[in-house]
1. Going by the conditions given, is Leu230 of a type outside the set (Lys, Arg), out of contact with any strand residue (DSSP E or B) (no Cβ under 6 Å at 6 or more places or on another chain), open to solvent by 30 Å² or more (accessible area, probe 1.4 Å) and touching a residue at least 24 places away in the same chain (Cβ under 8 Å)?
2. Taking the criterion of being at pLDDT 85 or above, touching an Asp or Glu at 6+ places or on another chain (Cβ under 9 Å) and either surrounded by fewer than 21 Cβ atoms within 10 Å (Cβ to Cβ) or within 30 Å of Ala208 (Cβ to Cβ) (or both), would at least one residue in the range 87-108 satisfy it?
3. Which residues, taken from the range 120-149, are touching a helix residue (DSSP H, G or I) at 6+ places or on another chain (Cβ under 6 Å), surrounded by fewer than 20 Cβ atoms within 10 Å (Cβ to Cβ) and part of a helix (DSSP H, G or I)?
4. Among the numbered conditions (1) touching a Phe, Trp or Tyr at 6+ places or on another chain (Cβ under 7 Å); (2) farther than 17 Å from Ala34 by Cβ; (3) modelled with pLDDT under 80, tell me where Arg310 comes up short.
5. I'd like to check something: does the range 185-196 contain any residue that is among the charged types (D, E, K, R) and either more than 16 Å from Cys96 (Cα to Cα) or in a loop (DSSP other than H, G, I, E, B) (or both)?
6. Name the residue that is modelled with the lowest pLDDT, counting only residues in the range 72-86 that are surrounded by 10 or more Cβ atoms within 10 Å (Cβ to Cβ) and in a helix (DSSP H, G or I).
Amino acid sequence: MSHLLQADGTADNREQRQQNLAIVALLLGAVGIAFAPILVRLSDVGPTAIAFWRVTLACPLLFAMVAWRGHRQRKRQGENWVQTQPLAIREIGALCFCGLMFAGDLAVWHYSIAFTTVANATLLANLAPIFVALAAWLIYRDPPNRTLLIGMALAMAGCGILMSTSLKLGQSHVFGDFLGIITAMFYAAYQISVGRLGKRYSAVMIMAWSSLTTAPVLLVLVLVLGEPFLPTSATGWAVAFGVAFISQFLGQTLIAYGFAHLNATFSSTSLLIQPVMAALLAWAIFGEALGPIHIAGIAVVLSGIYIAKRASRRIIKQTIKPKG
């Protein structure tokens, strides 16, 4: 009996360590994607073009990592290594769907900025946790914990406070605001897709195939919109490689790992730390004002994420059942 209890305790500790690692990965990934708007501002190409370079330049790194992981697995297993079957068309389709949702997220968000303010577009895009929670409940029959919903609502309210000084209401912004909501839907679909694919594939595998799908979609949009396409200086190329490495290769891969091991609603809520980090980076790099309202918004966002984290831990403990 004591042996069984000890085994259960070891399993619980292992699960808890994995959850902690996933939370750290998720938050570090959010910091990585927080650099994206900073680097976009420094780039000398159009907003959709820099999004194209972001995923395109990350692809070789991601596929190299996939190959390295395969080589490492073969070396570790030695004679016991079994040849992995090639991905089936259905599996490739699921990975490509993830990339299409990410392309929709980037493209529609960039387009929404042309019809509304950056603050409006960013705030509305961060409604994604609502759609993630709804999908988890209605499609996957996974209703969110009430405390988790409180944390999500608090974090989203904090984002509203953080951006309140730049928000603008009016009929002239209706279409752009509508596109901001569509962006949130695309982003929610992307997050859910990443989370479910993470049960079967590694984070780098998901990011490699999804980026490979996202790139040509964005290329078509760049050509249609007629944006400046090629960086014209060494600094421009450095920015393009920077956003590919920091935001896509590191940021999105860490986020994919986090989504694979955490509750979807909590994961989506935790990503609301991204506008907080973007505001702090803009203050540190560009000297943008960070007044009492911004600080209050940051505090509310962090409080909401903390509450969601505690609720998520309770959900995890409830789902770990002793082996009899």
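The values are calculated or read from the model by the stated rules, or taken from the named source; none is laboratory data. This is a predicted model, so every value here is computed, not measured. Note that each Cβ is placed from the backbone with ideal geometry, even for glycine, and that neighbours are counted across all protein chains shown. With ligands, DNA and RNA removed, areas are computed over all heavy atoms of the protein, side chains included. Shrake-Rupley method; radii C 1.70, N 1.55, O 1.52, S 1.80 Å.
1. yes
2. Looking for residues that are at pLDDT 85 or above, touching an Asp or Glu at 6+ places or on another chain (Cβ under 9 Å) and either surrounded by fewer than 21 Cβ atoms within 10 Å (Cβ to Cβ) or within 30 Å of Ala208 (Cβ to Cβ) (or both), one finds none in the range 87-108, hence no.
3. Result: Phe131, Ala135, Thr147.
4. Single failed check for Arg310: (1).
5. Just the residues of the range 185-196 that are among the charged types (D, E, K, R), to begin with: 196.
Now restrict to residues that are either more than 16 Å from Cys96 (Cα to Cα) or in a loop (DSSP other than H, G, I, E, B) (or both): none.
The answer is no, given that none of the residues of the range 185-196 is among the charged types (D, E, K, R) and either more than 16 Å from Cys96 (Cα to Cα) or in a loop (DSSP other than H, G, I, E, B) (or both).
6. Let us first name the residues in the range 72-86 that are surrounded by 10 or more Cβ atoms within 10 Å (Cβ to Cβ), namely 72-74, 77, 81.
Adding the requirement that they be in a helix (DSSP H, G or I) leaves 72-74, 77.
Values: Arg72: 76, Gln73: 72, Arg74: 72, Gln77: 64.
Ranking the candidates gives Gln77 first.
Per-residue answers, yes or no, for (1) assigned to a helix (DSSP H, G or I); (2) of a type in the set (Asp, Glu); (3) surrounded by 24 or more Cβ atoms within 10 Å (Cβ to Cβ):
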residue: Ala215; (1), (2), (3): yes, no, no
residue: Val224; (1), (2), (3): yes, no, no
residue: Trp237; (1), (2), (3): yes, no, no
residue: Gly258; (1), (2), (3): yes, no, yes
residue: Met277; (1), (2), (3): yes, no, no
residue: Glu288; (1), (2), (3): no, yes, no
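Here's the yes/no breakdown for (1) over 15 Å from Pro129 (Cβ atoms); (2) modelled with pLDDT of 85 or more:
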position	(1), (2)
Met156	no, yes
Gly160	no, no
Lys168	yes, no
Gln171	yes, no
Ala184	no, yes
Tyr190	no, yes
Ser193	yes, yes
Leu197	yes, yes
